[in-house]
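Beneath this line is the structure, given in structure tokens, with notes to follow.
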Amino acid sequence: MPTEGTALKKPDWLKIRPPGGERYRRVKANLRAHGLHTVCEEARCPNLHECWGGGTATIMLLGGVCTRGCRFCAVTSGHPQGWVDPLEPWKVARVLSEWNLDYVVLTSVARDDLPDGGASHFAQTVRTVKQKVPHMLIELLIPDFRGDREALRKVVEAKPDVIGHNVETVERLTPKVRDRRARYEQSLRVLETIKELDPTRYTKSSLMLGLGETEEEVLQTMRDLRSVGVDFLTLGQYLRPTRKHLPVVRYLPPEEFERYRRLGEELGFRYVAAGPLVRSSYRAGEFFIKSLIRGKVEPNVEANVQAQE
Ligand code: SF4
């Protein structure tokens with residue numbers, strides 16, 4: 001097992017494509033002009049150029065400073081001291097109205113400094129985007145809001161099409177990998193509560209592999225997620241953002257991800273995206289829309305889906 005000081009050599013299948021393309025430049029300029037953050041950049045996502053080049057980006061609400069400090073994550077930790085941009089919902093809606101997209105992912109850092117963890121801000125953003133860009137399908141990737149049911153209710157009642165919350169890793173490794181305030185059981189309860197509040201909302205979760213988990217632990221995590229009704233799952237390789245972060249224990253070959261994908265589908269997930277470079281939001285719209293077209297999900301009544309495969 002590698003220690004903090006050693007690093008495994010990256011295999012060829014993790015080579016990252018270089019940036020470029022007109023669309024990539026346009027999306028970047030557009031986000032900058034509105035002072036918006038993306039998790040793609042903050043978390044040094046390996047697919048940034050592929051996703052942005054395809055005309056989409058995951059927008060990060062509530063600033064770029066997180067009140068937590070997970071040991072795999074490159075987002076800056078600190079104390080935002082209650083700072084919120086009240087105009088952000090409108091800025092996001094405006095940016096999205098200028099892009100030719102069907103699907104967007106909105107996420108945020110953890111904001112334990114806010115009374116509701118930022119839930120009302122998420123809800124306001126969903127409502128504003130739906131109002132200004134009615135055909136847009138919206139996926140939220142939310143923090144755990146400390147498991148607060150009323151905060152989750154605010155988010156659910158805004159009716160985003162998909163609500164994601166990541167368990168990130170298996171139960172045994174959670175205290176080592178995630179911030180101590182994030183608990184495996186709490187994350188499962190968050191996903192369960194969303195379904196209790198509105199069984200028609202689709203839920204999603206993600207796991208990073210290569211942190212030292214066993215196959216049985218991965219399968220148990222999948223079963224746990226299915227037991228609380230999670231619809232969609234993504235599995236990707238953990239990549240160490242800097243030498244200060246947790247080391248990679250193992251690089252899984254693409255065939256292993258493919259096996260997990262099949263096992264996930266057998267367990268009943270509506271779709272599973274699995275691969276070395278898959279991330280929580282990776283091609284999220286494409287997978288959702290394909291599932292929709294194949295009849296594996298029903299469009300929510302609010303959504304006017306215009307997607308074509
Ligand atoms: S909660 Fe953890 S994973 Fe999420 S942004 Fe903060 S430090 Fe990163």
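Taken together, the values in this text are just the output of simple stated rules run on the coordinates, not laboratory data. Just so it is clear, the model here is predicted, and its values are computed rather than measured.
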Percent RCO, i.e. relative contact order, over the chain, from Cα pairs under 8 Å lying at least 6 residues apart: 17 percent
Most fluctuating residue given options LYS132, LYS296, LYS15, as computed from a GNM of the chain linking Cα atoms under 10 Å: LYS15
The stretch 197-293 - Rg (one decimal) and Dmax (whole number), Cα, Å: 13.8, 43
Alpha carbon convex hull of the chain, projected area averaged over orientations, nm²: 14.7 nm²
Amide H contacts of ASN47 (H built 1.01 Å from N, under 5 Å, at least 5 apart or other chain): none
For SER77, residues with placed amide H under 5 Å, excluding near neighbours: CYS66
Long-range amide H partners of TYR103 with built H, under 5 Å: LEU137
Cα-only Debye scattering, the stretch 84-194: base-10 log of I(q)/I(0) at q = 0.13, 0.14, 0.15, 0.20 Å⁻¹: -0.50, -0.57, -0.65, -1.03
19 Å Cα-Cα reach of LYS91 towards lysines, excluding residues that sit fewer than 8 places from it in its own chain: LYS28, LYS130, LYS132
